[in-house]
Amino acid sequence: MPLLGHRKPSVAVVGSGLAGLTAAYLLSSSGARTGLTFDVHIFEKAAALGMDAQSISVRADGHCERRIDVPMRSFQGGYYKQLIALYRHLGVNFRHANFSYSFSSLTPTVKGISDLRTYFIYNGSSGVKGVGFPTNNPYGLARDFANTLLSTFYFTLATILILFIYLRLLVLASPVFRPEPPVTFHQWVSQTTPTGIFARWTRLDAFWCEFSRAILLPMFSAVCTAPEEDVHAHPMAEFLEYIWVTLGSHHYVVKHGVRDVVSRLARYVPHIHLSCTVVSITTDPSDSSKISIQTSQGTYNGFSHLLIATQANNGIPLLTSYYSSLPKDASEHRQTLEELIQCLKSFQYRKTVVINHTDDTFLPPDQRDRRDLNLVQGTRLDSDEMHLDPLTVPMSYTMATHVLSNSKDAPIYQTTNPIVPPRHDSILSVAVLERAVLTAESKAALRLLSHREEGQWPFTKCSTSLGRLQGAGRLQVATRPGIWVCGSYAHSGIPLLEGCVASARDVVEQGILRCEGVTVHDKPW
């Protein structure tokens, strides 16, 4: 362990979502691993730490209080390796939640009447429990022996067809057949549609397109909480990697909610400033190698490093204020900051609405068709007469309703991106969030923040390294303050929780610790 004297670099972390909390935890607890102690400050504009800021407490069964995470955060083995390792390191308990799914379509009319029809059911457990067809299936209401045989025949045939299409999807998702960028979802579906006389005769081409439209499209619209136009334009390689690495793995949820995660990550952080909005960032008037932060609660000076752990679009005005405060002779630093600001402008966000409620009309009409997660695709009208309620998103989103409690006396549902409004008397809470969405432009810009190095062979492990804009030149010039960014968008893959943890770890280990002369040989988890 290096002898680092009594230095105690100050680090400002703006934002307290999973990325900010993970970075703050790694820095605050690094003394035992590195011999260097950091003075870490978290700045959060909300009254509670961001990862738990939208969660609510409700009375369940009239007496017991229940905490509901907003939004619901599940994670799947294979894809969330860093997140799962972090949770195990912290002692966070989590359990299997092998969700079952229903897929439905909803057709609104100009008069506001909706027709919700379920067309497919996935029974969960990584496919072990198989698939099902809903009760409104034309052959699901067999009334006599002949119709029962016909129903069984069609169900068996459809199951075999779905199994074949799914196996074909897995083959195409393998690293060997994965397309090179910048192939999008829409292009990939077209390129992989079976062709030839046999495909047309058996209608495999039509079935493949329908599978992509009716299953893959709503699934990834729900995963990304993005409209179908964004899914169509999404780089396909990331979707296929998600399918491949989660094959046969379990879904998980934390047992005691994200409040438990937050308390464990924040326990070593010495300074947490809540209800504290960062207004601007400037050069420290007494030391140009450091940063001053102006907030709604006052000014804080002397930071050697600034970690932007907010959304990219929220970090832009902060970096712009810092850029404006730099002297004219700091041309190289100004140029790097300008590049960083332009880079962050490449990342796009979409509105996400999360409503906790008790309105069961969001579920399939027949209770036998209801599952843990109920996905609903909207059918848009040609008419412009439909009014968009403030509590809803456009019909191009997939509405996902999670059954939190199925108690007859006190059912609770959480709907993400409602395309129709719930009854107002059923609403428990409403949260309006923003989620990053991956595009071809943002994927290109990501290389400036995080670079993924693929293994030599298709099935070997890959590694990531920081892009050249991380630190804003601090890795090359020690007299500059370090400016870093982390978050779901700042790491390879679909912008999800895994990116928050992985990007925070990379920034701390490959960026801040390296700048402070510390080489880490052991893994934090």
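The values are calculated or read from the model by the stated rules, or taken from the named source; none is laboratory data. Model, not experiment: these values are computed from the prediction. When we count neighbours, we look across all protein chains shown, and the Cβ atoms used for this are built from the backbone with ideal geometry, even at glycine. Accessible surface areas use protein heavy atoms only, side chains included; no ligands, DNA or RNA. Shrake-Rupley method; radii C 1.70, N 1.55, O 1.52, S 1.80 Å.
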Next item on the list: Give the residues of segment 347-371 that are surrounded by fewer than 17 Cβ atoms within 10 Å (Cβ to Cβ) and closer than 24 Å to ALA226 by Cβ, sorted by residue number.
Entry: LYS351
Next item on the list: Could you tell me which of the residues GLN311, GLN335 is out of contact with any Gly (no Cβ under 6 Å at 6 or more places or on another chain), within 14 Å of TRP484 (Cα to Cα) and open to solvent by 30 Å² or more (accessible area, probe 1.4 Å)?
Entry: GLN311
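Go through PHE164, PHE177, PHE207, PHE185 for me and flag whichever is within 26 Å of the chain's Cα centre (by Cα) and farther than 17 Å from PHE220 by Cβ. Don't jump to the end; show me each part of the working.
Details: PHE164 fails: within 26 Å of the chain's Cα centre (by Cα); PHE207 fails: within 26 Å of the chain's Cα centre (by Cα); PHE185 fails: farther than 17 Å from PHE220 by Cβ.
Of PHE164, PHE177, PHE207, PHE185, the one residue that is within 26 Å of the chain's Cα centre (by Cα) and farther than 17 Å from PHE220 by Cβ is PHE177.
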Note to self: Condition check: within 30 Å of GLY31 (Cβ to Cβ), touching a residue at least 40 places away in the same chain (Cβ under 8 Å) and among the acidic types (Asp, Glu). Does ASP260 satisfy that?
What the structure shows: yes
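So which residues in segment 506-525 are within 12 Å of SER465 (Cβ to Cβ) and open to solvent by 20 Å² or more (accessible area, probe 1.4 Å)?
Filtering segment 506-525 for residues within 12 Å of SER465 (Cβ to Cβ) gives 506-507, 509-511, 514.
Across segment 506-525, the qualifying residues are GLU509, GLN510, ARG514.
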Next item on the list: Answer yes if at least one residue in segment 35-50 is part of a helix (DSSP H, G or I), open to solvent by 20 Å² or more (accessible area, probe 1.4 Å) and within 16 Å of GLY487 (Cβ to Cβ), and no otherwise.
Entry: yes
Check: Quick check, is ASP260 under 27 Å from HIS402 (Cβ atoms), of a type in the set (Asp, Glu) and surrounded by 16 or more Cβ atoms within 10 Å (Cβ to Cβ)?
Finding: yes
Note to self: Which of the numbered conditions does SER212 fail, given that it passes all the others? Conditions: (1) at pLDDT 90 or above; (2) touching a Lys or Arg at 6+ places or on another chain (Cβ under 8 Å); (3) among the polar types (S, T, N, Q).
What the structure shows: (2)
Item checked: Condition broken by LYS523, with the remaining ones in (1) without any contact (Cβ under 8 Å) to a residue 60 or more places away in the chain; (2) in a loop (DSSP other than H, G, I, E, B); (3) farther than 19 Å from TYR25 by Cβ satisfied -> (3)
Next item on the list: Determine whether segment 55-68 contains at least one residue that is modelled with pLDDT under 90, closer than 30 Å to ILE293 by Cα and small (Gly, Ala, Ser).
Entry: no
Notebook entry, point to check: Is there a residue being touching a residue at least 60 places away in the same chain (Cβ under 8 Å) and open to solvent by less than 60 Å² (accessible area, probe 1.4 Å) anywhere in segment 196-213?
Noted result: no
Next item on the list: Considering only residues that are out of contact with any strand residue (DSSP E or B) (no Cβ under 9 Å at 6 or more places or on another chain) and surrounded by 15 or more Cβ atoms within 10 Å (Cβ to Cβ), look in segment 264-288 and name the one that is nearest to THR37 (Cα to Cα).
Entry: LEU265
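Among the residues of segment 125-166, write down those that are of a type in the set (Phe, Trp, Tyr), at pLDDT 65 or above and surrounded by 12 or more Cβ atoms within 10 Å (Cβ to Cβ). Lay out the reasoning, then the answer.
First pass over segment 125-166, keeping only residues of a type in the set (Phe, Trp, Tyr): 133, 139, 145, 153-155, 164, 166.
Then keep just the ones that are at pLDDT 65 or above; that gives 133, 153-155, 164, 166.
Within segment 125-166, PHE133, TYR154, PHE155, PHE164, TYR166 qualify.
Please enumerate the residues belonging to segment 214-247 that are aliphatic (A, V, I, L, M), under 18 Å from GLU180 (Cβ atoms) and open to solvent by 10 Å² or more (accessible area, probe 1.4 Å).
Taking segment 214-247 as the starting set, the residues that turn out to be aliphatic (A, V, I, L, M) are 214-217, 219, 222-223, 226, 231, 233, 236-237, 240, 243, 245, 247.
Retained after the next criterion (residues that are under 18 Å from GLU180 (Cβ atoms)): 233, 236-237, 240, 243.
Once the filter is applied, which keeps residues that are aliphatic (A, V, I, L, M), under 18 Å from GLU180 (Cβ atoms) and open to solvent by 10 Å² or more (accessible area, probe 1.4 Å), segment 214-247 yields ALA233, ALA237, ILE243.
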